[in-house]
Amino acid sequence: MPRGLLLQAHSWIRKDSLILTILAYYSLMRKKNIIGSRVRDARKESRMTQMELALRMQLLGVPMDRSAVAKLESGRRPISDIEAAAIAKILGITIARLFEASDSMLDSLGVQ
């Protein structure tokens, strides 16, 4: 196998290994997202209720009710990229802030 293909295959294996590790961790923890707690913290910093966040999401054309916000914040509901972008816009934060602590989660799993 040519060296370039071997390096590319190794990269895929590492990525697949990382993805499988994350999926196993969140399956074990019954979490469906990694940003729910940061959404909750940013929402509370903005002094906004779950209902207000849901209504503002709807005004942006992103369907979400208060129950969906609660499930998202508790990690029981996955989040789409469009929803993450809308939440960041509404809360006046960057999308990156929603994912900041993800590195520490990966570190705790021993993933590099």
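The values are calculated or read from the model by the stated rules, or taken from the named source; none is laboratory data. Given the structure is predicted, the values throughout are model-derived calculations rather than measurements. In this analysis, Cβ positions are derived from the backbone assuming ideal geometry, glycine residues included, and neighbour counts consider all displayed protein chains.
Brief remarks follow.
- Test result for Asp41, in a helix (DSSP H, G or I), among the acidic types (Asp, Glu) and at pLDDT below 70: no
- Any hit, segment 67-76, residues being out of contact with any Pro (no Cβ under 9 Å at 6 or more places or on another chain), assigned to a loop (DSSP other than H, G, I, E, B) and surrounded by fewer than 18 Cβ atoms within 10 Å (Cβ to Cβ): yes
- The single residue among Ala96, Ala101, Ala84, Ala54 that is hydrophobic (A, V, I, L, M, F, W, C), surrounded by fewer than 12 Cβ atoms within 10 Å (Cβ to Cβ) and either under 19 Å from Lys32 (Cα atoms) or at pLDDT 95 or above (or both) turns out to be Ala96.
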